[in-house]
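Notes follow the structure.
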Amino acid sequence: MKHQSSTLAVPEISAVPRHVAIIMDGNGRWATKRFLPRVAGHAKGVDAVRSIVEACAVRGIEFLTLFAFSSENWRRPADEVSVLMRLFMTVLEREVDRMDANGIRLKIVGDMSRFDAKLQEMALKAEQRTAANTRLTLTVCANYGGRWDIMQAVGKMVREQPDATDFSEDQLQPYLSMAYAPEPDLFIRTGGEQRISNFLLWQLAYSELYFTETFWPDFDAAALDLAIESYRQRERRFGRTSAQVLNQKKAS
Ligand code: IPE
Ligand code: IPE
Ligand code: MG
């Protein structure tokens with residue numbers, strides 16, 4: 001075997017996941033159930049984001065990654081897309097002070113070039129302003145797609161090494177848009193669907209998956225604790241046998 005699989009490096013496994021990645025789904029259905037317009041669900045979803053960011057920081061989670069807008073979400077009705085864009089702007093305007101004061105480092109990941117210039121500028125400023133914070137890294141994925149991420153990484157890697165004919169998985173890693181973070185330990189999808197929807201395709205290779213029926217606006221600290229509890233029950237074998245995992249635990 002010429003190149004080893006990049007998943008062979010077994011990460012340290014702690015009781016609390018280091019990195020939690022969430023598909024925040026179910027805003028529209030949350031609203032529809034209450035005879036409200038779908039956008040009311042998105043607005044309520046922002047409150048859930050605020051409380052989950054804080055709950056993660058309090059629990060010692062180092063990285064929280066939220067899927068806010070997928071590369072496929074442009075297919076939605078134009079008025080819903082424009083409300084979502086306005087909501088991003090308002091959140092960036094109103095929440096960055098609080099995030100900064102709370103030690104949150106903000107990263108925005110995705111193909112930002114399709115966004116309004118003003119929104120791009122606000123995102124960049126928010127990142128710069130919070131860059132030195134260390135309590136928790138919050139990544140918001142906007143116009144993000146897992147396949148886009150892999151392709152942009154491959155493109156950069158090949159451009160930088162035009163004469164190379166062979167690449168290893170480890171060589172690609174630094175070009176992925178979340179190269180600064182370890183791979184997610186725990187993936188959560190709210191809203192009842194059991195699919196990845198083109199989220200972090202490369203990085204989820206060995207994440208523990210957790211699906212809940214709870215709609216995103218109802219996802220609170222107690223719901224997060226249920227997900228963490230489920231994570232704690234998992235045996236992360238990374239290809240090994242159960243006996244090997246237990247022996248390693250005894251040895252350490
Ligand atoms: C997730 O909630 C938020 C975004 C995709 C922006 P949805 O808007 O997908 O809510 P449902 O799935 O229609 O209930
Ligand atoms: C996934 O939710 C994207 C975000 C939460 C931003 P969707 O609701 O758009 O996913 P699908 O299309 O139902 O899979
Ligand atoms: Mg949805």
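The values are calculated or read from the model by the stated rules, or taken from the named source; none is laboratory data. Keep in mind that what you see is a predicted model, and the values were worked out from it rather than measured. Positions of Cβ are backbone-derived with ideal geometry, glycine not excepted, and every protein chain shown enters the neighbour counts. Just so you know, the surface numbers come from the protein's heavy atoms only, side chains and all, with ligands and any DNA or RNA stripped out. Shrake-Rupley method; radii C 1.70, N 1.55, O 1.52, S 1.80 Å.
For I13, the solvent-accessible surface computed with a 1.4 Å probe is close to 80 Å², ligands and nucleic acids excluded. Rounded to the nearest 20, the size of the Cβ-charge dipole of the chain about its Cα centre is 320 debye, with Lys and Arg at +1 and Asp and Glu at -1. Pairs of C-alpha atoms in the range 132-252 farther apart than 23 Å represent 48 percent of all such pairs. Less than 5 angstrom separates the built amide H of R105 from those of R135, L136, T137, L138, all sequence-distant by 5 or more or on a different chain.
Per residue, the average separation of C-alpha pairs within less than 8 Å and at least 6 apart gives the range 19-251 a relative contact order of 27 percent.
Per the Kirkwood formula applied to alpha carbons, the chain shows a radius of gyration over Rh ratio, Rg over Rh, of 0.97. Dividing the mean sequence gap of close Cα pairs (under 8 Å, 6+ apart) by how many residues the range 155-231 holds gives a relative contact order of 28 percent. Run lengths n ≥ 4 of DSSP H only: what is the helix-derived mean residue ellipticity at 222 nm for the chain, with -39500 (n - 2.57) per run over all residues, to the nearest 500? Helix contribution divided over all residues of the chain: -13500 deg cm²/dmol. Might you tell me the accessible area per residue for the chain, computed with a 1.4 Å probe and given in Å²? Here the per-residue accessible area is 53 Å². Measuring nothing but protein heavy atoms, the accessible surface of the range 152-252 at 1.4 Å probe radius is 50 percent carbon and sulfur. For the chain, the membrane-span-like helices by this rule, meaning whole DSSP H stretches whose C-alpha atoms cover at least 15 Å of axis and whose Kyte-Doolittle mean is -0.5 or above, are 38-58, 78-101, 146-160, 221-233; this says nothing about an actual membrane. In this structure the amide hydrogen of Q203, modeled in the peptide plane, comes within under 5 Å of no amide hydrogen from residues 5 or more places off or on another chain. Across the range 174-187, rounded Karplus estimates of 3J(HN,Hα) from the backbone phi angles (6.51 cos²θ - 1.76 cosθ + 1.60, θ = phi - 60°) give x, 8, 5, 5, 10, 4, 7, 10, x, 5, x, 7, 10, 10 Hz, Gly and Pro being marked x. For the residues E121, E160, E12, a 1.4 Å probe over the protein chains yields an accessible-area ranking, largest first, of E12, E160, E121. For the range 168-216, a simple Cβ point-charge model (Lys and Arg +1, Asp and Glu -1, everything else neutral) yields a dipole of about 180 debye relative to the Cα centre.
Taking a straight Cα-Cα cut-off under 21 Å and skipping sequence neighbours fewer than 8 places away in the same chain, the lysines within cross-link reach of K125 are K107.
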